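Heads up: the structure comes next, in structure tokens.
Please treat every number below as a calculation from the coordinates, not as lab data. Predicted, not measured: the structure shown is a model, and the values here were computed from it. Don't worry about glycine lacking a Cβ; one is built from the backbone with ideal geometry, like all the others, and counts go over all protein chains shown.
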């Protein structure tokens, strides 16, 4: 059985595009994106979904958490969604939606959580904070979503070295290359585990073979 996923995005949709491509290429067809949810019209992710024939829903945040949840439930129910994937989605997911998909909802964060996470920490802001702090390693984290920003259980991480002279833009470029490998691998692992009725196994992180100039890892 192919699991049905809703992908949530707030921007141009580069991670959504990679997820859709990898799902289509997977010979096991473990999962498939059946819905793209955006929080505002006119974003690139909507165009990418339209090009692939994937239904979309534009659902701006409600006046409060409950109204936001009530707006989200109908399209998720209609699409018969099994799991939810946040791919550059900047809103806090309503608690009732988290409860409905607990253990079946993932988020991607462009740093090694628990560092450089929390409300307001997304995109270039994360990379600016990393460089300002003077740390030598940043990276990518895939984690389960709970009721707080960036606090759910970690499924996968991969480090990316911060190089001398890095700018937020150059660091973001290298981190996105790793995102495009790690997130599809983590989603596939979650789909595999859900199909087998097992808990997902944490993916390996880089060890002695990691090098800042290396290509992104080829994970299973």
Report summary line: Expressed in angstrom and ordered largest first, the alpha-carbon extents of segment 46-130 along the principal axes are 40, 32, 26
Query - Shape parameters for segment 108-161, alpha-carbon atoms, Rg then Dmax in Å - result: 10.5, 30
Report summary line: Stretched fully, the stretch from residue 50 through residue 95 gains (0.36 nm per residue minus C-alpha distance, one decimal, in nm) 13.3 nm
Query - Pair residue 133, residue 173: separation of 7 Å Cα→Cβ label points (nm) - result: 2.4 nm
Requested in this report: Return 115, 138, 170 ranked ascending by Cβ neighbour count within 10 Å, so the fewest neighbours appear first.
Outcome: 170, 115, 138
Query - Ascending count of other beta-carbon atoms within 10 Å, so fewest first, for 67, 10 - result: 67, 10
Query raised in the report: Given the Cα-Cα distance of residue 71 and residue 26 and 0.36 nm per residue of separation, how much length would full extension add, in nm?
Result: 13.0 nm
Query raised in the report: Do you know the relative contact order of the chain, to the nearest whole percent, from alpha carbon pairs under 8 angstrom that are 6+ apart?
Result: 18 percent
Query raised in the report: Where does helix 124-133 land angle-wise versus the long Cα axis of the chain, in degrees 0 to 90, nearest 10?
Result: 30 degrees
Query raised in the report: Where is the GNM fluctuation largest for the chain (alpha-carbon springs, 10 angstrom cutoff): 192, 104, 52?
Result: 52
Query raised in the report: If you stretched the chain out fully between residue 163 and residue 195, how much longer would it get, using 0.36 nm times the residue separation minus the C-alpha to C-alpha distance?
Result: 7.5 nm
Requested in this report: Give me 196, 174, 4 ranked fewest to most by other Cβ atoms within 10 Å of their Cβ, as a rough exposure proxy.
Outcome: 196, 4, 174
Query raised in the report: Of all DSSP beta bridges in the chain, what percent run antiparallel (nearest 5)?
Result: 40 percent
Query - Quarter of Cα convex hull surface for segment 3-196, i.e. mean projection, nm² - result: 10.4 nm²
